[in-house]
Amino acid sequence: MPAEAARDSETLVAAEHLEARYGATLALTHVDLTVSAGEIVTLIGPNGAGKSTLVRIILGLMEPSAGRVWRRPGLRIGYLPQRVAIDPVLPLTVRRFLGLARPGVAEAEIRDALNEVAAAELIDHSVHDLSGGEFQRVLLARALMRRPQLLVLDEPVQGVDFGGQIALYDLIGRLRRRHGLGVLMVSHDLHVVMAATDRVVCLNRHVCCSGAPEAVSRNPAYTELFGAAAARGLAIYSHDHDHEHDLKGAVVHPVEGHGGAPGGKVEPRP
C-alpha cells in the first residue's frame with residue numbers, strides 16, 4: 001500500500017485512494033500509485049483516462065477530491081509538460097530558453113544540462129528551427145536543471161519519429177541509471193514503451209491493472225482497454241539497449257550494462 005511505501009527510504013512519491021472531480025464529472029477514483037528512486041513507471045490509457053489529471057495531482061498543481069499524496073520531504077521534481085507554447089515571432093535561442101527557466105543561472109549549468117541529453121551543439125540554435133526530437137531533448141535538459149530526484153514526463157516523445165522515440169527512451173533510461181532518478185512517464189506509445197519501463201500502470205479513471213510490461217500485456221483488463229491487436233504488438237516488441245542513439249535516432253556506439261525491464265507479476269485491479 002502507498003502508506004506503507006511512504007516509509008520506504010527509496011520511495012519518492014506515494015498516492016493513496018485518489019479521487020478527482022471536475023464539477024460533477026469523475027476524473028479519477030480509487031487510484032494508488034508509487035514511484036521509487038531508480039524506477040521508471042509509465043502511465044498508459046486512452047484519451048480522457050485521467051493521466052494528465054493524475055500527473056497534476058502528483059506535482060501538487062491540483063488537489064484531489066479525496067485521498068492523499070505523500071512526497072519525500074524536500075523532493076525535487078523535474079517536469080516535462082505535454083505542450084509548451086512559444087510565440088513563433090519571438091526570437092529565442094536554446095541558451096535563452098533554458099536561461100528563462102532559471103533566471104541568473106550560470107551558462108556552465110546550461111551547457112551541462114545540454115551535455116546530459118547529448119544536445120550541446122544546439123545551444124545557439126533557434127528553438128523554432130529544432131526538430132521534434134531536438135526540442136524534446138531541450139525540454140528534458142530544462143527539467144534536469146532543477147537537479148531532480150523525480151522526473152515527471154508527460155508524453156515525452158510526442159511529435160518525434162520512431163527512431164527519435166527509441167533514442168529518447170534510451171536517453172531517459174541512461175539518465176535514470178546515471179543519477180538514480182525515479183521517472184513517472186505518460187505515454188501512448190505502447191509498442192515502444194514496453195522496453196523502456198519497469199512498471200506499467202493502465203489507467204481508465206481507475207487503475208485497471210499494473211505490473212511488469214510483459215505481464216500487463218497478457219492481462220485481460222489491458223486487452224479489453226486497448227484491444228487484442230495492441231496487446232499482441234506490445235507483447236512481441238523489444239529493443240536491445242546495448243548501444244546509444246544520436247539526435248536523429250541512429251545507433252552510435254555500444255554501452256555497458258544494458259538490460260530490459262525486469263519481469264514480475266501483474267497486479268489486476270477491480
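The values are calculated or read from the model by the stated rules, or taken from the named source; none is laboratory data. Nothing here was measured: the structure is a model prediction, and the numbers come from that model. We place every Cβ from the backbone using ideal geometry, glycine too, and count neighbours over all the protein chains shown.
Computed values, structure above
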item: Odd one out for Pro91, checked against (1) over 21 Å from the mean Cα position of the chain (by Cα); (2) surrounded by 11 or more Cβ atoms within 10 Å (Cβ to Cβ); result: (2)
item: Cross-chain or 6+ apart pairs with Cβ under 7 Å, the stretch 123-141 first and in contact (Cβ under 8 Å) with a residue 60 or more places away in the chain, then of a type in the set (A, V, I, L, M) and surrounded by fewer than 16 Cβ atoms within 10 Å (Cβ to Cβ); result: none
item: Set Leu168, Leu184: member being in a helix (DSSP H, G or I), assigned by TED's automatic domain parsing to the domain that holds Val13, in contact with a helix residue (DSSP H, G or I) (Cβ under 7 Å, 6 or more places away or on another chain) and not β-branched (Val, Ile, Thr); result: Leu168
item: Neighbours by Cβ (under 6 Å, 6+ apart or cross-chain): first from the stretch 145-169, under 13 Å from Ser187 (Cβ atoms); second of a type in the set (A, V, I, L, M, F, W, C) and part of a loop (DSSP other than H, G, I, E, B); result: Gln165/Val157; Leu168/Val157
item: The stretch 22-47 - residue that is free of Cβ contacts under 8 Å to residues at least 12 places away in the same chain and not in a strand (DSSP E or B) and, of those, surrounded by the most Cβ atoms within 10 Å (Cβ to Cβ); result: Asn47
item: Selection within the stretch 157-185 - under 20 Å from Leu33 (Cα atoms) and either modelled with pLDDT under 85 or crowded, with 24+ Cβ neighbours inside 10 Å (or both); result: Gly182, Val183, Leu184, Met185
item: Test: residue in the stretch 139-147 that is among the charged types (D, E, K, R), surrounded by fewer than 22 Cβ atoms within 10 Å (Cβ to Cβ) and touching a helix residue (DSSP H, G or I) at 6+ places or on another chain (Cβ under 8 Å); result: no
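Table: residues versus (1) of a type in the set (A, V, I, L, M); (2) under 28 Å from Tyr222 (Cβ atoms).
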position	(1), (2)
Tyr22	no, yes
His30	no, yes
Met62	yes, yes
Val69	yes, yes
Arg76	no, no
